[in-house]
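Presented below is the structure to which this report refers.
The values are calculated or read from the model by the stated rules, or taken from the named source; none is laboratory data. If you're wondering where the values come from, they're calculated on a predicted model, not measured in any experiment. Cβ: placed from backbone, ideal geometry, glycine included. Neighbour counts: every protein chain shown.
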Amino acid sequence: MIEVKHLQKHYGANEVLKDIDLTVDKGDVVVLVGPSGCGKSTFLRCLNMLEEPDGGEVWFKDTQINAPRTDINSVRRKVGMVFQHFNLFPHMTVKKNITFAPVRLGLMKQEEADRRAMELLERIGLADKADTYPGMLSGGQKQRIAIVRALAMDPEVLLFDEPTSALDPEMVGEVLELMKELARGGMTMLCVTHEMGFAREVANRIIFIDEGVVKVDKPPKEFFANPGNERLANFLSKVL
Amino acid sequence: MELYERLAALARAGEKLPFWQEFYFKFFQAFLVNDRWLQYLEGVGTTLTVTAIALALGIVFGCVVAVVRVAHDQQRPGHKNPVLGFFNGVCLVYTTVIRGTPMMVQMLIMGLVVFASSRNFTVVGALALSINSGAYVSEIIRGGIMAVDAGQREAGRSLGLNYITTMVYIIVPQALRAVLPALGNEFIILLKDTSLITIIGGKELLYAAQGIYGRTYEQMFPLFGIAVIYLVLVMFFTWLLGKLERRLAQSDRG
């Protein structure tokens, strides 16, 4: 579903991503880990062109998304993103946050979008918050609504950029729970996270990025039991 | 009224009136005779209308200029759009010229050169004020747009919304809200600057005062009178803006 070939990205002289190759299939739940500053987030943001790669190719299904003629907006509709800092729109109600893009893009009528939003909110137990503003919500609630906002577009892939890093510890659980539910439902997901428990439990592949390349790409069991890479072993000894 | 007539007759006869009688006479003459207060009232009406038009248009101009300039500055290096570059140039010239020349000169140019054949002085004056205000408002709004968290733009774009939609529906509303105090200040400046349209014949509050002291040859009362009216208007709107700000601040909390 996503294919990345020789992806490169640098900021000035700082080469963040040197040569990344990765293929993600439908239904994959891929967790990206690595030391801070290794380019995990940058890589994730290259997948929907929030960062523009300096070299290589990024393919989504049969579209090369970093080709100059590609309509990136239509790709982004199918590639949802969840941010570390939620980035809900503070001047819109929760329901409006969820329905704005699908209605604006003509994918749904307002009533239909409202109904769908309420269904989704019902599912995460926040239907009573539909008409409040994001400012009134806790971090965990905000992030779950941000996930719902991405889901309302009916994406084929969801990208999570450290979705629990800005949360108070007691709220991490509710967000991870929702993410697990999505994974079980067959959603294709790429997730940058420091939640090793989540990675172990939900991912079918864990990827270790270091020095701008994919160093390890293994199923969780093997990833933790047999890292096969000195720097990964070192990294794991620090985070576990 | 009778008293006024008597005092007027005395004054015409060249009699020196005691202070209070003179005060009473001049006050009457400046505000009440021939229903002159109506002229002030009309002046206030025009002042407020012109302020409202100028503010509304100023914000529209300001938003457009601000968005063009931000859009131009946010382009990735090496991907400059020549059309945008052109409009950015136009906007730069606009803000530079407007902010670099006196309001009074702009007003005269608009009234006596650009729209020399127009008799609708008030509208021309309002337009001149809008164009002036737009240049300042654009800088205020540009600051507001740049102060909105970059994550908001990323969130909008990642949902598949295009640049313009993201700007208009997500970034600019937040920017406007953030710069509301500064816009309130601009509104108050505009309210007072409306007095400048008098110079090209706009029938505003100052114009009313000038008309009256042109007849009575008594300048103090009409001028102090309108000064007080401006002051009261400004104080009222300052109070109102403060209230609005507190309301917005309240709904932001939580």
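Pick from B:Ala52, B:Ala30: which is aliphatic (A, V, I, L, M), closer than 30 Å to B:Val179 by Cα and not in a loop (DSSP other than H, G, I, E, B)?
Step by step, each of B:Ala52, B:Ala30 is checked, and only B:Ala52 is aliphatic (A, V, I, L, M), closer than 30 Å to B:Val179 by Cα and not in a loop (DSSP other than H, G, I, E, B).
Looking only at the range A:143-172, which residues are assigned to a helix (DSSP H, G or I) and either over 21 Å from A:Asn48 (Cβ atoms) or away from chain B (no Cβ under 14 Å) (or both)? Before you say what the answer is, go through the steps one by one.
Applying the first criterion (assigned to a helix (DSSP H, G or I)) to the range A:143-172 yields A:143-151, A:169-172.
Within the range A:143-172, A:Arg144, A:Pro169, A:Glu170, A:Met171, A:Val172 qualify.
Condition (residue is facing chain B (nearest Cβ under 9 Å), surrounded by 19 or more Cβ atoms within 10 Å (Cβ to Cβ) and within 28 Å of A:Met118 (Cβ to Cβ)) applied to the range A:31-50: is it met by at least one residue?
yes
What residue, among those in the range A:66-88 that are within 17 Å of the chain's Cα centre (by Cα) and in a loop (DSSP other than H, G, I, E, B), is nearest to the other protein chains (Cβ to nearest Cβ)?
Taking the candidates together, the pick is A:Asn87.
When you check B:Phe87 against the structure, is it out of contact with any Cys (no Cβ under 9 Å at 6 or more places or on another chain), among the aromatic types (Phe, Trp, Tyr) and over 26 Å from B:Asn185 (Cβ atoms), yes or no?
It is true that B:Phe87 is out of contact with any Cys (no Cβ under 9 Å at 6 or more places or on another chain), among the aromatic types (Phe, Trp, Tyr) and over 26 Å from B:Asn185 (Cβ atoms).
Given (1) modelled with pLDDT of 95 or more; (2) surrounded by 13 or more Cβ atoms within 10 Å (Cβ to Cβ); (3) over 18 Å from B:Arg142 (Cα atoms), identify the lone condition not met by B:Tyr94.
So the condition that B:Tyr94 fails would be (3).
If you check B:Ala135, B:Ala126, which single one turns out to be in contact with a helix residue (DSSP H, G or I) (Cβ under 8 Å, 6 or more places away or on another chain) and within 17 Å of B:Leu183 (Cα to Cα)?
Only one candidate qualifies: B:Ala135.
Of the residues B:Leu127, B:Leu176, which is assigned to a helix (DSSP H, G or I) and more than 14 Å from chain A (Cβ to nearest Cβ)?
The unique qualifying residue is B:Leu127.
Give the residue that is nearest to A:His10 (Cα to Cα), with candidates limited to residues of the range A:224-235 that are of a type in the set (A, V, I, L, M, F, W, C) and without any contact (Cβ under 8 Å) to a residue 24 or more places away in the chain. Outline the logic, then answer.
First, the residues of the range A:224-235 that are of a type in the set (A, V, I, L, M, F, W, C): A:224-225, A:232-233, A:235.
If we keep only those that are without any contact (Cβ under 8 Å) to a residue 24 or more places away in the chain too, we end up with A:225, A:233.
Details: A:Ala225: 33, A:Ala233: 27 Å.
Only one residue fits best here, namely A:Ala233.
Across the range B:145-166, what is the number of residues that are surrounded by fewer than 22 Cβ atoms within 10 Å (Cβ to Cβ) and away from every other protein chain (no Cβ under 12 Å)?
Residues that pass the stated criteria total 2.
In the range A:7-65, how many residues are under 22 Å from A:Gln84 (Cβ atoms), part of a strand (DSSP E or B) and in contact with a strand residue (DSSP E or B) (Cβ under 9 Å, 6 or more places away or on another chain)?
Of the residues in that region, 13 qualify.
Determine the pairs where a residue that is surrounded by 13 or more Cβ atoms within 10 Å (Cβ to Cβ), located within the range B:66-80, has a partner that is outside any helix (DSSP H, G or I) with Cβ atoms under 9 Å apart, the partner being 6 or more residues away or on another chain.
Pairs that qualify, where the first residue is surrounded by 13 or more Cβ atoms within 10 Å (Cβ to Cβ) and the partner is outside any helix (DSSP H, G or I), are B:Ala71/B:Asn81; B:His72/B:Lys80; B:His72/B:Asn81; B:Gln75/B:Asn81.
Going residue by residue through the range A:24-35, is there one that turns out to be of a type in the set (Gly, Ala, Ser), over 17 Å from A:Pro163 (Cβ atoms) and free of Cβ contacts under 8 Å to residues at least 12 places away in the same chain? Let's see the steps before the verdict.
Restricting attention to the range A:24-35, the residues satisfying the condition of being of a type in the set (Gly, Ala, Ser) are A:27, A:34.
Retained after the next criterion (residues that are over 17 Å from A:Pro163 (Cβ atoms)): A:27.
From what's left, free of Cβ contacts under 8 Å to residues at least 12 places away in the same chain: none.
No, because not a single residue in the range A:24-35 is of a type in the set (Gly, Ala, Ser), over 17 Å from A:Pro163 (Cβ atoms) and free of Cβ contacts under 8 Å to residues at least 12 places away in the same chain.
Tell me which residues, restricted to the range B:88-119, are within 20 Å of B:Val65 (Cβ to Cβ), more than 20 Å from the chain's Cα centre (by Cα) and among the aliphatic types (A, V, I, L, M).
Once the filter is applied, which keeps residues that are within 20 Å of B:Val65 (Cβ to Cβ), more than 20 Å from the chain's Cα centre (by Cα) and among the aliphatic types (A, V, I, L, M), the range B:88-119 yields B:Val90, B:Leu92, B:Val93, B:Val114.
Hey, any hits in the range A:104-122 for a residue that's crowded, with 20+ Cβ neighbours inside 10 Å and in contact (Cβ under 8 Å) with a residue 40 or more places away in the chain?
Checked against the condition, which is being crowded, with 20+ Cβ neighbours inside 10 Å and in contact (Cβ under 8 Å) with a residue 40 or more places away in the chain, the range A:104-122 yields no hits at all.
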